[in-house]
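To start, the structure itself, in structure tokens.
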Amino acid sequence: MVNNYDTLWLDNDIKEVKYIDQTKLPNELVIKSTKNPDEMYQAIKRLEVRGAPAIGVFAALSMYVLSLQIHKNNLKDFVDEFLRNADYLESSRPTAVNLSWALNCMKDTLNQLVVKRYGVDISEEFATDISLDENLRYDIENALHNKAISIWEKDIAVCRQIGENGLEFIQEGDGILTHCNAGKLATIRYGTATAPIYLAHEKGIKIKVFCDETRPLLQGARLTAYELTEAGIDTTLQCDNMVASLMAAGKIQSVFVGCDRVAANGDVANKIGTNGVAIIAKHFNIPFYVCAPTSTIDINTKTGQDIVIEQRNSLEVTKMWYNNEMSHRDVNVYNPAFDVTKNDLITAIITEKGIITKDFAKGLVTLMGQA
Ligand code: MRU
């Protein structure tokens with residue numbers, strides 16, 4: 001039962017990060033364990049760990065585990081290697097802002113400690129003669145450990161709160177469509193888009209969830225349909241090109257999706273196909289809700305056009321789920337991992353700090369001021 005496990009966690013006895021390898025689901029439940037930077041990088045790149053919040057938490061725990069393996073005698077050398085690890089993990093995937101957010105939290109934690117003790121910022125040149133004695137090492141490790149664990153714990157609380165906040169948009173008997181996996185597996189527990197769904201289920205509100213298969217990597221079929229069915233929720237799987245048919249048949253009352261980055265104007269990047277779902281929902285006058293922790297909001301990115309969209313290997317489209325390539329091997333393939341949904345297609349952005357329903361630019365600034 002995948003729901004008996006958290007998506008990922010720190011094994012403090014062996015000082016490694018453990019995680020469910022999501023590429024193996026739904027057929028095998030494989031728990032992997034790592035303390036190796038290349039394995040961590042590949043785990044994110046290959047989508048063994050995926051979903052914006054989960055990637056962020058994984059990176060935070062990884063930074064702590066990697067810091068234990070930096071054996072240097074002076075602080076400057078420690079900091080240099082620490083920052084190299086952060087840059088390396090950050091280069092694994094570009095779109096989900098949670099990755100850089102979590103890495104920045106870990107960098108800030110180290111920085112605060114250094115500033116407090118030595119009055120210098122780690123991004124500046126500082127004296128190389130500060131020795132990394134046992135006491136300093138202990139304090140650094142302790143601070144990084146506590147920060148990583150707090151990011152992990154907060155993810156659970158934040159997702160639960162998104163669920164509480166989103167519940168007001170769910171009525172008994174609703175058909176809810178979701179795209180990709182913004183579920184438990186994309187976070188530590190609850191998910192973002194699925195949090196209101198899990199909470200509705202907990203409260204005995206009867207709903208039907210319709211999961212888009214989500215070509216090309218099938219996160220909807222392999223992960224969302226799987227985790228919701230295991231949780232005992234009434235779940236239906238459909239191919240991505242069946243959304244309009246479902247909506248025309250009156251089976252969908254709302255759409256709930258997650259996202260990888262919210263720009264300052266309220267445009268959102270999410271799994272490829274989300275924009276199409278939003279356009280169709282608008283046509284049928286169906287509300288379209290985006291669920292996001294505030295760690296996914298990027299006020300420094302002005303609009304959706306400024307979001308870097310990850311392009312992935314063509315074989316994911318032509319070969320991955322087939323015994324042989326199903327298209328001419330010389331054909332050009334278009335395989336962006338995400339698309340951007342413009343703010344005018346979004347009914348509300350549901351965060352743990354509150355709900356924004358109109359004037360997203362203003363609402364996001366106010367919300368982030370509080371966050
Ligand atoms: O490529 P993936 O599987 O990491 O894409 C995931 C998504 O697009 C999710 O919808 C998004 O990260 C939100 S997860 C709460």
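Throughout, read-outs are computed from the coordinates displayed, never taken from laboratory work. Predicted model, so just to flag it, every value in this text is computed and none were measured. When we count neighbours, we look across all protein chains shown, and the Cβ atoms used for this are built from the backbone with ideal geometry, even at glycine.
Worth pointing out:
- Theoretical gain in end-to-end length, residue 245 to residue 156 [0.36 nm per residue, Cα-Cα removed]: 28.5 nm
- When both the stretch 38-57 and the stretch 306-371 are represented by their alpha-carbon centers, they are found 17 Å apart.
- Low-density loop positions, GluC sites (Glu not before Pro), the stretch 1-95 - DSSP coil, at most 10 other Cβ in 10 Å: 28
- Sorting the segments 149-155, 91-97 by their residues' average number of neighbouring beta-carbon atoms within 10 angstrom, most packed first, yields 91-97, 149-155.
- Taking every alpha-carbon pair in the chain and binning the separations at 10 Å intervals from zero gives 5, 24, 32, 24, 11, 4, 1, 0 percent.
- Counting only Cα atoms, the stretch 1-66 measures 31, 25, 19 Å along its principal axes, largest extent leading.
- Translational diffusion of the stretch 205-338, µm² s⁻¹ [Kirkwood Rh, Cα pairs; Stokes-Einstein; 37 °C; 0.692 mPa s]: 199
- Environment charge of residue 174, counting only residues whose C-beta is closer than 14 Å and scoring Lys/Arg +1, Asp/Glu -1: +1
- A crude spin-label estimate for the pair residue 1 and residue 305, with each label 7 Å from Cα along the Cβ direction, gives 5.0 nm.
- Integer Hz, Karplus 6.51/-1.76/1.60 couplings in order for the stretch 38-55, x for Gly and Pro: 5, 5, 5, 4, 5, 4, 6, 4, 7, 6, 5, 10, 8, x, 3, x, 5, 4
- Cα pair distances of the stretch 68-125 binned at 5 Å [whole percent]: 4, 17, 26, 24, 17, 8, 3, 0
- Summarising the label geometry, the points placed 7 Å from Cα in the beta-carbon direction at residue 359 and residue 230 lie 4.4 nm from one another.
- Alpha carbon convex hull of the stretch 98-245, projected area averaged over orientations, nm²: 12.4
- Size of charge dipole - the chain - debye, nearest 20, with Cβ of Lys, Arg +1 and Asp, Glu -1, no other charges: 740
- Loop-resident trypsin sites (Lys or Arg not before Pro) (DSSP state other than H, G, I, E or B) in the stretch 198-245 with no more than 13 further Cβ atoms inside 10 Å of their Cβ: 203, 206.
- Order of 122, 279 - criterion: other Cβ atoms within 10 Å of each residue's Cβ, fewest first: 279, 122
- Loop-resident chymotrypsin sites (Phe, Trp or Tyr not before Pro) (DSSP state other than H, G, I, E or B) in the stretch 300-359 with no more than 11 further Cβ atoms inside 10 Å of their Cβ: 322, 334.
- Here the extension length gained between residue 319 and residue 36 equals 98.9 nm, from 0.36 nm per residue of separation less the Cα-Cα distance.
- Cross-link table 251/358; 35/107; 24/271; 18/342; 15/116; 282/302, entries beyond 30 Å C-alpha to C-alpha: 18/342
- Pairwise centroid distance, computed over Cα atoms, of the stretch 247-278 with the stretch 121-173, Å: 28
- Cross-link partners of residue 32 among aspartates and glutamates, defined as those whose alpha carbon lies under 18 angstrom from its own and excluding same-chain residues fewer than eight positions apart: 6, 11, 13, 16, 21, 48.
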